[in-house]
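Data block below; observations after.
The values are calculated or read from the model by the stated rules, or taken from the named source; none is laboratory data. It should be emphasised that the depicted structure is a prediction, and the values quoted were computed from it without experimental measurement. Ideal geometry is used to build each Cβ from the backbone, glycine not excepted, and the neighbour counts take in all protein chains shown.
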Amino acid sequence: MVEREDGVIELHPELPVPADQVWFWSERWQRMEREADDDIANGRVGEFDDVDDFLADLDAVKYVRTDSFKADYQRLSAAEKGPFRQTVRDVNRGCDEFVRTRDPSVWPASLRVKTVRGAPGVWEMTWSPSGPDRRATWEWAGLAGDEGAQPAIRWRRIGDHLIFKEP
């Protein structure tokens with residue numbers, strides 16, 4: 001609203017959001033923003049050194065997480081989550097190679113991958129060999145896709161040796 005010198009009041013409509021930003025405030029886009037925030041908060045993000053690493057990650061074995069894994073992951077500190085996410089890259093490469101060859105020697109030695117005694121079908125790995133001993137367990141699963149079931153990892157637990165009470 002502007003009052004001119006001659007006493008006329010002019011009304012100039014204004015949008016609460018600039019026209020070139022309306023798309024961002026749409027319900028659909030805001031829903032996607034909330035999903036992205038949730039992914040970031042829950043560690044479902046990746047950092048890549050270059051495009052080749054990014055593209056390799058797209059081809060990596062997919063994963064799902066159990067509720068136990070999600071709860072365990074939330075208890076990790078930020079300083080622990082970073083190394084785990086880095087280790088997952090090695091796990092993905094190992095999984096891809098294992099799916100292709102079925103050769104257990106393809107796993108990087110530093111991960112100390114092996115099956116969990118007394119828990120058929122459950123695997124374990126070390127993901128913090130230089131700090132406090134941290135472990136994660138998983139099992140193989142199949143995810144339905146466009147071309148049938150695709151190999152996937154179902155992450156079961158993450159933490160210290162206490163996870164082996166219920167791997």
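Here are some notes:
- Some residue of the range 72-95 being in a helix (DSSP H, G or I), more than 27 Å from residue 41 (Cβ to Cβ) and modelled with pLDDT under 90: yes
- Subset of the range 28-71 [in a helix (DSSP H, G or I), of a type outside the set (Val, Ile, Thr), closer than 24 Å to residue 93 by Cα and at pLDDT below 80]: 39, 52, 53, 54, 55, 56, 57, 58
- Restricting attention to the range 96-135, the residues that are surrounded by 15 or more Cβ atoms within 10 Å (Cβ to Cβ) and assigned to a loop (DSSP other than H, G, I, E, B) total 7.
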